[in-house]
Structure formats: C-alpha cells, structure tokens
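In what follows, a single structure is set out as structure tokens and then discussed.
The values are calculated or read from the model by the stated rules, or taken from the named source; none is laboratory data. Computed from a predicted model, the values in this text were never measured in an experiment. Quick reminder, even Gly has a Cβ in these numbers, built from the backbone with ideal geometry, and neighbours come from all protein chains shown. The area values use the complete protein model at the heavy-atom level, side chains included, leaving out ligands, DNA and RNA. Shrake-Rupley method; radii C 1.70, N 1.55, O 1.52, S 1.80 Å.
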Amino acid sequence: MESFSAAFSARLNGGEGCMPFLDSLMGQGLAFRRAYANGRRSIDGIPAITAGMPEWMDEAFITSPYVQAPFTALGGLLAAKGYATSFYHGGRNGTMGFDTYARAAGYQRYVGMDEYPDPRDYDGSWGIWDRPFLRYFAEELGRQPEPFHSVVFTLSSHHPYLLPEGEEERFSQGQRRRIEPTLRYADDALRGFFAAAGREPWFRNTLFVITADHTADLERSGQHYSEASDYWVPLLFYWPAAIAPRMSDDVAQHIDILPTVLRLIGYDAPYFAFGADAAQGPGRGCAVVRSMGLWFCITPEGIFSFNGEHLVPTAVRDHLPVEADGPELRRLKAAIQQFTTRMARRELIVKQAS
C-alpha cells in the first residue's frame with residue numbers, strides 16, 4: 001500500500017487513523033506493532049519486500065548493476081516450485097523500472113497501465129485509480145492457475161494526493177494532512193478487494209501480506225530521516241485458515257517478509273536471505289536502515305547510529321546509547337559486512353551442488 005505510514009493507523013498509534021479497514025484486518029492475523037521499512041522510496045521498498053534486498057547502498061538496487069546478477073526473490077523461488085507468479089502495478093509501464101525488475105525477480109507476468117483494459121480509470125497523474133485497479137486485480141487472481149503468488153502495489157495515496165471525482169466529500173472529513181483523504185480512499189479500495197476475494201474458493205487457503213512501501217507526509221523538519229517513526233509501517237500476515245490473530249511487539253523489517261512467507265507456506269528448499277523469520281520470537285535484534293551515509297539500528301529499546309567506523313551520537317528522540325564493543329553494534333557490523341561482501345561477490349542465491 002503506497003505510503004501507508006503506521007503513524008496513520010489507529011490500531012498502531014493508539015489514537016486516530018485513516019485506515020479503518022486495515023486496522024480491523026490487523027486484528028485477524030499476525031500483525032507487528034514495530035515493523036519498519038528498509039528504505040524511504042518506492043524503488044527501494046519493492047526489492048526489500050519481494051527479494052529481501054535492503055536499501056543499504058547509495059544507488060537503488062533496481063537501477064544498480066547488481067540487479068543483472070542472479071538474486072533471490074519470491075517470484076523466482078515460487079515459480080521454480082510450480083507457482084504462477086505475477087506482479088501488478090497500475091502505473092505507467094516502465095515506472096521506476098518495476099517491469100524490468102519483476103522479470104529479473106522471476107515474475108512470469110507483469111501487468112501495468114498498458115495492460116489495464118479501461119483507460120477511463122486513469123487518474124491523470126500516476127496511473128489507474130486504486131479502486132478499479134484492485135477490483136481488476138481480484139478478478140485476475142480468480143483466473144490464475146493454482147498455486148499462485150502475486151504482488152499488487154497501489155498508487156493513489158502518492159503525492160499529489162488526488163481523489164476521483166465524486167470521492168472528495170466522502171474521504172476528506174476531518175482532514176489534517178493532505179495525504180489523509182487518499183489513505184482513506186485506498187483503504188476503502190482494499191476493503192472492496194477483500195470483499196471480492198472473500199467470495200473466491202481460494203481465499204481461505206491464501207496467505208495475504210500487507211505492508212507499505214515507505215512512510216510519507218509525516219511531521220518532521222528537514223530530509224534527514226533518523227527517527228524510528230520515519231520508517232514505521234504496518235505489517236500484517238493474514239491467512240484465514242492458518243494464522244491465529246496476534247499482535248507482536250517484536251521488531252520486524254521489510255527484508256524479513258521473504259523468509260517469513262517461505263516458512264509459513266512450508267517452503268522446503270534452501271534459499272538465501274538477508275532477513276529472518278519475523279515470527280520466530282523475541283530477541284531478534286534490530287531493523288537496519290541507512291540514511292545520509294549513516295546506518296541506523298532500530299531496536300525495541302531505541303535507535304543508534306553508526307558511520308561505518310564508530311558510533312555517532314544523535315539528537316533523535318529515541319536515541320539509544322550502546323557500547324562500542326557491545327553486542328548491538330557487533331550485530332550491526334556483521335549485517336553490514338554480510339551485505340557488502342555478498343553484493344561485491346554477486347552471491348545472492350544458494351549455489352546448487354554440481
């Protein structure tokens with residue numbers, strides 16, 4: 001869900017919200033109170049969510065040379081197991097290289113604005129309005145052979161925060177920030193998707209994962225994203241037939257989605273991942289993000305920063321002092337070393353024995 005910051009969720013922020021349907025759904029599955037995006041842009045969120053690839057470089061993975069090497073992604077892993085795999089985004093084909101990335105990630109089919117059947121649903125800015133596109137997506141899933149794995153990425157809650165004609169009055173009540181009406185609209189479009197999907201025979205045996213690509217339109221000064229809240233997103237694993245409702249206080253991050261999904265569906269082959277199973281319990285360490293040349297480690301107790309050589313004191317509200325030789329910093333250094341070494345060697349898959 002485009003820009004669905006956790007700060008706008010009543011269930012997560014403890015106050016008012018703009019996503020009542022998603023809030024209600026989080027009460028019916030495994031939801032995380034402390035989930036964080038690994039980046040600040042859509043072009044970084046999609047690889048983190050689908051391939052466990054964090055934004056830990058100066059350049060986006062999608063536009064970097066590393067995307068040309070074999071890498072692990074849900075599309076490719078599940079296609080090899082006989083799944084029909086597809087990626088849907090209502091934006092113009094070529095937007096942020098999503099179509100090219102989807103093919104590299106093993107998705108057999110990409111559906112963008114070019115493939116969408118009704119050009120009258122164009123929003124005049126980014127692509128197809130969320131309500132008709134999610135309705136179309138639900139119809140398309142019903143035509144896919146089973147088993148299937150599919151991704152859909154919404155767009156209506158992106159700046160300039162437009163609403164379809166006739167929807168303004170319905171969703172602009174109580175508006176405090178420009179993004180809020182579009183969040184309400186996109187949330188209602190999600191409600192419509194689940195109403196349609198819930199009538200399908202495959203619904204109860206389907207794992208749904210819902211998160212945001214990144215946060216947006218938060219109250220902050222400047223562009224130095226150093227607060228945990230700058231990366232705070234909803235994360236829900238919803239499977240009507242298999243997952244009992246639970247709200248977890250464990251720290252989770254986007255790169256944990258791939259290993260969590262694979263464990264939940266019973267995937268039985270070796271695979272490479274930077275993240276870990278988000279549902280494995282407490283004591284998992286931290287979420288790692290990178291901004292303005294600094295690495296930030298978000299833990300249950302707070303956040304600390306590292307410049308690649310030493311700890312950097314910060315003035316953020318939830319700053320956590322840690323020891324220079326403490327376990328928290330050692331875990332962060334290990335994550336950085338693993339990432340840089342694997343990327344440099346293009347070792348992003350499990351090599352098959354010859």
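Figures for the structure shown
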quantity: Flag for Asp318 being out of contact with any Pro (no Cβ under 8 Å at 6 or more places or on another chain), under 24 Å from Ala31 (Cα atoms) and charged (D, E, K, R); calculated: yes
quantity: Tally of residues being open to solvent by 40 Å² or more (accessible area, probe 1.4 Å) and at pLDDT 95 or above across region 209-238; calculated: 2
quantity: Answer from Ala278, Ala287, Ala241 - the residue that is open to solvent by less than 50 Å² (accessible area, probe 1.4 Å) and within 19 Å of His149 (Cβ to Cβ); calculated: Ala278
quantity: Residue list for region 299-354, filter: touching a helix residue (DSSP H, G or I) at 6+ places or on another chain (Cβ under 9 Å), under 25 Å from Ala278 (Cα atoms), modelled with pLDDT of 90 or more and open to solvent by 30 Å² or more (accessible area, probe 1.4 Å); calculated: Glu347, Ile349
quantity: Checking Ala186 against (1) part of a loop (DSSP other than H, G, I, E, B); (2) crowded, with 19+ Cβ neighbours inside 10 Å; (3) among the small types (Gly, Ala, Ser), the condition it does not meet; calculated: (1)
quantity: Residues satisfying the stated conditions in region 100-130, i.e. open to solvent by less than 80 Å² (accessible area, probe 1.4 Å), outside any loop (DSSP other than H, G, I, E, B) and over 24 Å from Thr72 (Cβ atoms); calculated: Asp121, Tyr122, Gly127, Ile128, Asp130
quantity: Candidates Ala279, Ala252, filtered to the one that is assigned to a loop (DSSP other than H, G, I, E, B) and under 21 Å from Ala48 (Cα atoms); calculated: Ala279
quantity: Contacts under 6 angstrom Cβ, first residue in region 147-176 being under 16 Å from Asp217 (Cα atoms) and open to solvent by 30 Å² or more (accessible area, probe 1.4 Å), partner of a type in the set (A, V, I, L, M) and part of a loop (DSSP other than H, G, I, E, B), 6 or more apart; calculated: Tyr161/Ile179
quantity: Those residues of region 161-183 which are of a type in the set (Phe, Trp, Tyr) and in a loop (DSSP other than H, G, I, E, B), in sequence order; calculated: Tyr161
quantity: Hits in region 310-332 (condition: under 30 Å from Val67 (Cα atoms) and under 24 Å from the mean Cα position of the chain (by Cα)); calculated: Arg331, Leu332
quantity: Hits in region 146-160 (condition: part of a loop (DSSP other than H, G, I, E, B) and at pLDDT 95 or above); calculated: Glu146, Pro147, Thr154, Leu155, Ser156, Ser157, His158
quantity: Top-ranked residue in region 293-309 [being more than 21 Å from the chain's Cα centre (by Cα) and in a loop (DSSP other than H, G, I, E, B); ranked as nearest to Phe339 (Cα to Cα)]; calculated: Gly308
quantity: Near pairs, Cβ below 8 angstrom, 6+ apart or cross-chain, from region 197-208 (assigned to a loop (DSSP other than H, G, I, E, B)) to any residue that is among the β-branched types (Val, Ile, Thr) and at pLDDT 95 or above; calculated: Leu207/Ile243; Leu207/Val261; Leu207/Ile265
quantity: Residue check, Phe71 touching a Ser or Thr at 6+ places or on another chain (Cβ under 8 Å), crowded, with 20+ Cβ neighbours inside 10 Å and either touching a residue at least 60 places away in the same chain (Cβ under 8 Å) or of a type in the set (Lys, Arg) (or both); calculated: no
quantity: Scope region 252-275; condition of a type in the set (A, V, I, L, M) and open to solvent by less than 10 Å² (accessible area, probe 1.4 Å); matching residues; calculated: Ala252, Ile255, Ile257, Leu258, Leu262
quantity: Verdict on Val289 being more than 30 Å from Lys81 (Cβ to Cβ) and free of Cβ contacts under 8 Å to residues at least 60 places away in the same chain; calculated: no
